[in-house]
Amino acid sequence: MFTELASNIFVLSEPLSFYGLQIGRNMVVVRLPNGELFVNSPASLTEDRIAALNDLGTVRYVTPSSKLHGHLHMKDYKYTFPDAKLFAAPGLDRRRTDLVFDGLLGSTPDERWSDVIDQTAFLGAFWITEIEFFHRPSKTLIIGDICYNLGPKTPLKTRLATQLLGMYGDLSVPLDLRHMMKNEAAARHSIDQILEWDFERVIVGHGSVVEHNPKRRFREAFDWLY
Ligand SMILES: [Fe+2]
């Protein structure tokens, strides 16, 4: 059910339709050195998934990527795993007043996972600030919506649409986010910060995992900002 991409990092993909296009979504689980699980962009829960998570470790920290991405099922995680702690991305605490958050995500990694996971806030976009994570032991960058990677594994309609939009087959920034990037200098600074991480893999929120030339491809996705 969960694919182990490297030691202690797992991904689970599930279908997601966005404006009629199947773009899918990815949940990431990192097993921390003490056996606790750090969950990013949690997927919907089923009995099978609950059992699979319990096999991996103890669900402890549940994080979204932004106030838009990865928060939909957080309440179910708190209900199913009462000892889990929920974290808010900037602005999510105001959107999801039905949730009780144990912490707010920012540019500084929380000490509860900072031994193995670094993080930063992607600045420069009007209205939304996404949190990006870097799992140091597996050299994996974990992002939400700042880049999609939709290619040949997607259905025909999605392939056609992404070809028309110039987003097919590689890391690319969705058009709505491009339009929101009002402070380009701040965005470039965030990109530079991310590129300081020694990543060899990118897990996107939507699309296939990138394992070939990830740094170059991530940088090139933002060529329009330079
Ligand atoms: Fe998303």
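The values are calculated or read from the model by the stated rules, or taken from the named source; none is laboratory data. Quick caveat, the model's predicted, so the values are computed rather than measured. Quick reminder, even Gly has a Cβ in these numbers, built from the backbone with ideal geometry, and neighbours come from all protein chains shown. Areas reflect the complete protein model, heavy atoms only, side chains present, ligands, DNA and RNA absent. Shrake-Rupley method; radii C 1.70, N 1.55, O 1.52, S 1.80 Å.
What to note about this one:
- In region 47-71, the residues that are buried (at least 23 other Cβ atoms within 10 Å of the Cβ) and of a type in the set (S, T, N, Q): 63, 65, 66
- Candidate set: region 205-226, residues that are open to solvent by less than 30 Å² (accessible area, probe 1.4 Å) and of a type in the set (A, V, I, L, M); chosen: the one farthest from the ligand (Cβ to nearest atom): 225
- Evaluation of residue 99 against the conditions (1) open to solvent by less than 40 Å² (accessible area, probe 1.4 Å); (2) under 27 Å from residue 18 (Cα atoms); (3) away from the ligand (no atom under 15 Å from the Cβ); (4) outside any loop (DSSP other than H, G, I, E, B) shows that the sole unmet condition is (4).
- So residue 25, is it among the basic types (Lys, Arg) and either away from the ligand (no atom under 16 Å from the Cβ) or without any contact (Cβ under 8 Å) to a residue 40 or more places away in the chain (or both): no
- Inter-residue pairs, beta-carbon under 8 Å, first on the phi < 0 side of the Ramachandran plot and in region 180-202, second acidic (Asp, Glu) and open to solvent by 30 Å² or more (accessible area, probe 1.4 Å), 6+ apart: 197/118; 200/211; 201/211
- Whichever residue in region 28-46 is surrounded by 20 or more Cβ atoms within 10 Å (Cβ to Cβ) and in contact (Cβ under 8 Å) with a residue 60 or more places away in the chain and, among such residues, is nearest to the ligand (Cβ to nearest atom): 41
- In region 139-154, the residues that are within 12 Å of residue 202 (Cα to Cα) and in a loop (DSSP other than H, G, I, E, B) reach residues that are within 16 Å of the ligand (Cβ to nearest atom) and of a type in the set (D, E, K, R) with C-beta atoms within less than 6 angstrom, at least six apart or across chains, in these pairs: 143/132; 144/130; 146/130.
- Of the candidates 16, 12, the single residue that is closer than 23 Å to residue 146 by Cβ, open to solvent by 40 Å² or more (accessible area, probe 1.4 Å) and in contact with a strand residue (DSSP E or B) (Cβ under 6 Å, 6 or more places away or on another chain) is 16.
- Some residue of region 91-102 being in contact with a Ser or Thr (Cβ under 8 Å, 6 or more places away or on another chain) and more than 23 Å from residue 60 (Cα to Cα): no
- Qualifying residue in region 185-204 (condition: outside any loop (DSSP other than H, G, I, E, B), within 16 Å of the ligand (Cβ to nearest atom), in contact with a helix residue (DSSP H, G or I) (Cβ under 6 Å, 6 or more places away or on another chain) and within 18 Å of residue 24 (Cβ to Cβ)): yes
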